[in-house]
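The values are calculated or read from the model by the stated rules, or taken from the named source; none is laboratory data. Keep in mind that what you see is a predicted model, and the values were worked out from it rather than measured. Because the Cβ atoms are built from the backbone with ideal geometry, glycine has one as well, and the counts that use them run over all protein chains shown.
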């Protein structure tokens, strides 16, 4: 498995060419040309160049002894619903933490990830974007049989993030309306929410990834899945060489077999990336649940 992980990271590089310690400092960014109805602004440069800039807050949450990880977050403009804002956790892909500011030219469709943040905020969803360990990758699919997921720093860290949601650390959020999405490593980690955080999430959206323990083409989806697996949307590129589309299809078919509400959308011309269509499709999916 370690060798598989090394190959996976290598392929990813090639494709470029906080006891419970919930306290932390906050940092609010400033928009260049803020829209009074949105946390985000879109700026146009030369020709088709565009950038998106969303304000955010930041704090650090303990992952293990002496180590904290950053969590960026934001809530929508306006008064929250009576039970609080629904919230979406967005999990980063390998090497590329979720950012609230992106350029159109950023790799792996990063601009569309930031556009997803904008559309979710504008649609009344709070956003929480935790960092993976050393901003590298999530620990969902690099485990040996001697290292249960519950012993990983990811599990400790994300458990504290979920506790923070319940305790109001990120603002007035609705703990009964939680959703998760992510790309690549973050997509696998989105699946992990169904496997190891049972009953926490209303729906999932997995971009360019598959089941929690899969890793690129090394993928075997178990015959048995959690009976309360959240409804799951898959978005994938048919030309994805890092996470082959058949690995997603294997997971999709298993969910259908178990009677779990699932849908998939495959872009026949794209590879391993967020797509222009991703934000709209993910927001629409979450709105159903």
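Take the conditions in contact with a helix residue (DSSP H, G or I) (Cβ under 8 Å, 6 or more places away or on another chain), buried (at least 16 other Cβ atoms within 10 Å of the Cβ) and farther than 17 Å from residue 279 by Cα and apply them to residue 139. Does it pass? Show your work before the answer.
Details: in contact with a helix residue (DSSP H, G or I) (Cβ under 8 Å, 6 or more places away or on another chain): yes; buried (at least 16 other Cβ atoms within 10 Å of the Cβ): yes; farther than 17 Å from residue 279 by Cα: yes.
Considered against the rule, which asks whether it is in contact with a helix residue (DSSP H, G or I) (Cβ under 8 Å, 6 or more places away or on another chain), buried (at least 16 other Cβ atoms within 10 Å of the Cβ) and farther than 17 Å from residue 279 by Cα, residue 139 comes out as yes.
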Which of the residues belonging to region 83-99 are out of contact with any helix residue (DSSP H, G or I) (no Cβ under 9 Å at 6 or more places or on another chain) and modelled with pLDDT under 95?
97
Look at region 148-183 and say how many of its residues are in a helix (DSSP H, G or I) and touching a helix residue (DSSP H, G or I) at 6+ places or on another chain (Cβ under 8 Å).
4
Scanning region 142-160 for residues that are in contact with a strand residue (DSSP E or B) (Cβ under 8 Å, 6 or more places away or on another chain), surrounded by fewer than 20 Cβ atoms within 10 Å (Cβ to Cβ) and closer than 14 Å to residue 197 by Cα gives 156
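Okay, residues lined up against (1) more than 19 Å from residue 276 (Cβ to Cβ); (2) outside any loop (DSSP other than H, G, I, E, B):
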residue	(1), (2)
61	yes, yes
80	yes, no
87	yes, yes
98	no, no
108	no, yes
113	no, yes
Candidate set from region 229-260 (those that are touching a helix residue (DSSP H, G or I) at 6+ places or on another chain (Cβ under 8 Å) and surrounded by fewer than 18 Cβ atoms within 10 Å (Cβ to Cβ)); member that is farthest from residue 205 (Cα to Cα)
241
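Evaluate the following for residue 79: is it surrounded by 15 or more Cβ atoms within 10 Å (Cβ to Cβ) and modelled with pLDDT of 90 or more?
On the way: surrounded by 15 or more Cβ atoms within 10 Å (Cβ to Cβ): no; modelled with pLDDT of 90 or more: yes.
No: the conditions fail for residue 79.
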